[in-house]
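Just below is one structure, and these are the notes that go with it.
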Amino acid sequence: MKEISIEQADRMEQVEATAERIAEVVQNNSAAAQETSATSEEFTAQATTFSGMVLVFKLRQ
């Protein structure tokens with residue numbers, strides 16, 4: 001009976017470690033998504049600026 005308790009305790013430790021790792025991965029993914037979103041917003045702003053700059057030029061037809 002004592003062996004079962006030790007085995008159950010070991011399994012619980014494994015489950016807890018796995019849950020902690022999952023939480024860590026989720027946090028990392030969330031941070032990466034926020035960075036990607038900020039970068040996308042910056043690129044959009046730059047594209048808008050460059051688009052306005054290009055409108056200054058007129059091409060001969």
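The values are calculated or read from the model by the stated rules, or taken from the named source; none is laboratory data. Owing to the predicted nature of the structure, the values given are computational and were not obtained by experimental measurement. Protein only, heavy atoms only, side chains kept; ligands, DNA and RNA dropped before computing areas. Shrake-Rupley method; radii C 1.70, N 1.55, O 1.52, S 1.80 Å.
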**Q.** Members of the range 31-52 found to be under 19 Å from the mean Cα position of the chain (by Cα) and of a type in the set (S, T, N, Q), listed by number
**A.** Gln34, Thr36, Ser37, Thr39, Ser40
Q: Check Ala38, Ala47, Ala9 and return the single one that is open to solvent by less than 90 Å² (accessible area, probe 1.4 Å), modelled with pLDDT under 95 and part of a helix (DSSP H, G or I).
A: Ala9
